[in-house]
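Chemist: Quick one: the structure is below, and I'll ask about it shortly.
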Amino acid sequence: MDNKINNIESTVIDLLSILKRYNNGQISYQIALLEDILNIIKSNSDNELKENRINSLVEDLYPIRGGLTDFYIWKEDTKERIMINKPISELNDKLWNLLKN
């Protein structure tokens with residue numbers, strides 16, 4: 001369980017660094033939720049409680065419409081657009097898989 005929490009933490013940190021750089025105001029709520037996840041991880045709670053608290057945020061982080069899965073950076077240059085969006089997509093997928101397992 002420690003390993004899962006550590007993987008979630010590192011994924012959230014990586015994702016936050018990119019999202020904060022490109023946030024256009026559209027995902028400020030999700031950024032705040034990711035920061036809440038980091039605060040939960042850094043708390044003195046036991047890992048089971050941490051996982052329960054983190055899992056309670058999943059629906060807000062990944063709603064049916066909007067949220068992190070729909071966040072996309074538009075750049076005219078195709079290579080630049082792919083270079084920016086690929087790691088966001090990969091980290092989103094990784095975080096989703098960690099949170100849902």
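The values are calculated or read from the model by the stated rules, or taken from the named source; none is laboratory data. For clarity, every value in this text was computed on a predicted model and none was experimentally measured. When we count neighbours, we look across all protein chains shown, and the Cβ atoms used for this are built from the backbone with ideal geometry, even at glycine. These accessible areas exclude ligands, DNA and RNA; they are computed on the full protein's heavy atoms, side chains included. Shrake-Rupley method; radii C 1.70, N 1.55, O 1.52, S 1.80 Å.
Chemist: Has segment 26-49 got any residue that is within 18 Å of Lys100 (Cβ to Cβ) and surrounded by fewer than 15 Cβ atoms within 10 Å (Cβ to Cβ)?
Modeler: yes
Chemist: Any residue in segment 74-87 that's free of Cβ contacts under 8 Å to residues at least 40 places away in the same chain: show its pairings with residues that are surrounded by 10 or more Cβ atoms within 10 Å (Cβ to Cβ) and not in a loop (DSSP other than H, G, I, E, B) at Cβ separation under 7 Å, as long as the two are six or more apart or on different chains.
Modeler: Correct list of pairs: Trp74/Arg81; Lys75/Arg81; Lys75/Ile84.
Chemist: If Trp74 passes every condition in (1) among the aromatic types (Phe, Trp, Tyr); (2) loosely packed, with under 12 Cβ neighbours inside 10 Å; (3) within 18 Å of Asn3 (Cβ to Cβ) but one, which one does it miss?
Modeler: (3)
Chemist: Give segment 1-25 a look and list any residue that's open to solvent by 90 Å² or more (accessible area, probe 1.4 Å), in contact with a helix residue (DSSP H, G or I) (Cβ under 8 Å, 6 or more places away or on another chain) and basic (Lys, Arg), or say none.
Modeler: Let us first name the residues in segment 1-25 that are open to solvent by 90 Å² or more (accessible area, probe 1.4 Å), namely 1-3, 20-21, 24.
Narrowing further to those that are in contact with a helix residue (DSSP H, G or I) (Cβ under 8 Å, 6 or more places away or on another chain): 1-2, 20.
Residue satisfying the conditions is Lys20 alone.
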